[in-house]
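The values are calculated or read from the model by the stated rules, or taken from the named source; none is laboratory data. As the structure is a computational prediction, the values presented were derived from the model and not from experiment. Positions of Cβ are generated from backbone atoms using ideal geometry, with glycine treated the same way; all protein chains shown enter the neighbour counts. We work out accessible area using only protein heavy atoms, side chains counted, and drop any ligands, DNA or RNA first. Shrake-Rupley method; radii C 1.70, N 1.55, O 1.52, S 1.80 Å.
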Amino acid sequence: MYKNRDAGRIPDRIERLTIVTLIALVIGVTIFSAVFFTTMFGSVGTGYAALLIDPWGQTISEPIFGPRWYIKAPWVEVKTIYYATDTYEDVIPCFSRDQLEMNIQILIRWSLDPTKLRNLYISYPALNYKTKAIESITEETIRLVTKNYTVIQTLEQRDKVALEIQERVLTAIRNEPSLKEALIHLEFDLKDIGYPTAYTKAIEEKLIAEQRKIQAQFERDRILVLANATAQEMIIKAQGEATARIIVAQSVKQAIQLISEATGITNTTRLVELYLYLEALKEIAPNVNILIITMGKDGIPIFYQIPSNSTG
């Protein structure tokens, strides 16, 4: 009788297949369970908040603020939002009223209101509010402001231009409906206004020329003031000298009259000569007050008193 050699091997094969299947099933279940349970736990760091988005239940949780752990269903999506101090710094190309290109370097700081994070996510599911709102609003507002000023005005009135840009940018951001008033501690800093090198050089030369013009006008006014002061000084000096001459002339006149009265001489020429003679003697002998001039009748000397300095 013929005997099948494989008859005894079939159960062994079935047994081995069953064991392999069970092992694979256990491994699969273990891996699935590990992945399943791993996706149920998460954490959020300091300065961040997590929103749990349930597509099946179509719900959005309230923010979960870090640092902390949370538990969620595996199918729930997590959106992490940074709500602490954030910044936007950039150089904005724009044009002046006279069509000169300028580069406005700015820095904006803000924080997000923790109570408005859910509404902000609804407006910006991709959380791209920074580029879609803040950056675009800032760039547009700055360009609207700078087109109202010439280049020279942006130089001469830099503080005014910076203040207007700041106020209008902050107002526009605060009033943007899509941001849901989520931005707080909003600050703006205009760091620099840049111009092309050629234009900067031209502007500097123009300003230098204007300063020189102002300086020249100042020097001209100063010279005129000095000249006027000198002229006034000369006039006063001349007037003083003229007055002095008048006084001297009056003194001479009085002295000649005294000599005429004392001597009885009426000849003007002779009186002048005598006056000059007496003045010369005064210079020679300044301490002599009485001088014998001539002899009168009977040999009696005639004394003439020399006029003192007070009378010429």
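Quick one: if the Förster radius is 41 Å, what FRET efficiency do Tyr88 and Trp56 give, using the C-beta to C-beta distance and rounding to 0.05? It would help to have the intermediate numbers written out before the result.
Details: r = 36 Å, r/R0 = 0.89.
Once rounded, the FRET efficiency stands at 0.65.
Can you tell me the length gained on complete extension of the stretch Thr269 to Ile71, counting 0.36 nm per residue apart and subtracting the Cα distance? Intermediate results must be reported in sequence, preceding the final value.
Details: separation 198, 0.36 × 198 = 71.28 nm, distance 13.69 nm.
Full-extension gain reported as 57.6 nm.
According to a simple spin-label model (label point 7 Å from Cα along Cα-to-Cβ), what is the distance in nm between Glu187 and Lys213?
Here the modelled spin labels are 4.2 nm apart.
Using a 1.4 angstrom probe on the protein heavy atoms only, line up Met40, Met102 by accessible area, largest first. Each step should come with its number before you reach the end.
Numbers: Met40 40, Met102 0 Å².
Ranked list, largest accessible area first: Met40, Met102.
Could you calculate the FRET efficiency of Glu205 with Phe95 from 1/(1 + (r/R0)^6), where r is the beta carbon distance between them and R0 is 25 Å, rounded to 0.05?
On the way: r = 22 Å, r/R0 = 0.87.
Given R0 = 25 Å and the Cβ-Cβ separation, E is 0.70.
Modelling each spin label as a point 7 Å along the Cα-to-Cβ direction, I'd like the Ile236/Ser43 distance in nm, to one decimal.
Each label point lies 7 Å from its Cα, and together they span 9.1 nm.
Modelled label-to-label distance, Gln105 and Asn128, 7 Å Cα→beta-carbon offset: nm?
My value for the distance between the label points is 2.9 nm.
Suppose we keep just the alpha-carbon trace of the stretch 55-112; what are its Rg and Dmax in angstrom?
Answer for the stretch 55-112, Rg first and Dmax second: 20.7, 61 Å.
With every protein chain left in place, what is the accessible area per residue of the stretch 77-188 in square angstrom, probe 1.4 Å?
Value returned for the stretch 77-188: 51 Å² of accessible area per residue.
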